[in-house]
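The values are calculated or read from the model by the stated rules, or taken from the named source; none is laboratory data. Being a predicted model, the structure only gives us computed values, none of them experimental. In this analysis, Cβ positions are derived from the backbone assuming ideal geometry, glycine residues included, and neighbour counts consider all displayed protein chains.
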Amino acid sequence: MRLFTGLSISGEILTTLAKVIGDLRASAPLRWSPPENLHITTKFIGDWPDDRLDEMRQVLGELEPPGPLRITVSRFGFWPNPHHPRILFAAVQTDDKLYSLARRIEDALVALGVPAEKNPYIPHVTLARIRTEDIMMLRERIAQMGNMNHLDFGTFEPEEFHLYASRPSAVGSVYTRLASWPLARNSGAPTSRAQKS
């Protein structure tokens, strides 16, 4: 199975981003993300053997939580750059705690044999994968929505991070949460919450 870790997006921001995708969809033939798939990745794991899933859950459950997070989703961006874009994303602004979580996950999973990430961690929400560089209408539509560097989609405070499985389907990838862990320690709260795959 193909795995990744990440944060889910709050309902209100999901509604806003779904509307944004709906407004932009007709402007370019991109592979748009279904709203239910929107998330903030903390570590792409890739293929992982089913018989080692419990090992993965155990290691992630033993991580020291970073503490409460406050995340703002705002602005559009193009990856790897605006001139030859392959991804349209909504940018994420937060403090060092999210980067600390990503580093802890990275270090723990590299010790399990997961390949190390070569690029610096840049949190974001992938809105679409770009299959053509002819996106002039998309750029114009974004400009009509306002200054792409100042659009604010909302702020939320996630309580958990998750381990997800990604499975292909006829309509694209389907993401399933396999386990969840709190971002902050609460007295009496469980340190992990596994879910059925």
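Given the criteria among the aromatic types (Phe, Trp, Tyr), closer than 30 Å to VAL59 by Cβ, at pLDDT 90 or above and assigned to a strand (DSSP E or B), does PHE153 qualify? For PHE153, the condition - among the aromatic types (Phe, Trp, Tyr), closer than 30 Å to VAL59 by Cβ, at pLDDT 90 or above and assigned to a strand (DSSP E or B) - is not met.
Put simply, of LEU30, LEU24, LEU7, LEU14 the only residue that is in contact (Cβ under 8 Å) with a residue 40 or more places away in the chain and within 24 Å of PRO158 (Cα to Cα) is LEU7. Within the range 162-173, the set of residues being within 21 Å of ARG52 (Cα to Cα) and either free of Cβ contacts under 8 Å to residues at least 60 places away in the same chain or part of a loop (DSSP other than H, G, I, E, B) (or both) comprises PRO168 only.
Selection of the range 122-161 for residues being hydroxyl-bearing (Ser, Thr, Tyr) and either in contact with a strand residue (DSSP E or B) (Cβ under 9 Å, 6 or more places away or on another chain) or without any contact (Cβ under 8 Å) to a residue 40 or more places away in the chain (or both) yields THR126, THR155. Taken across the range 27-50, residues that are of a type outside the set (A, V, I, L, M), modelled with pLDDT of 95 or more, under 15 Å from the mean Cα position of the chain (by Cα) and over 21 Å from VAL174 (Cβ atoms) do not occur at all. Can you name every residue in the range 63-104 that is over 15 Å from the mean Cα position of the chain (by Cα) and of a type in the set (Gly, Ala, Ser)? Those that are over 15 Å from the mean Cα position of the chain (by Cα) and of a type in the set (Gly, Ala, Ser): GLY67, SER100.
Taken as a whole, the structure places ARG193 among residues that are at pLDDT below 80, under 30 Å from ASP47 (Cα atoms) and either in contact with a Phe, Trp or Tyr (Cβ under 9 Å, 6 or more places away or on another chain) or surrounded by fewer than 18 Cβ atoms within 10 Å (Cβ to Cβ) (or both).
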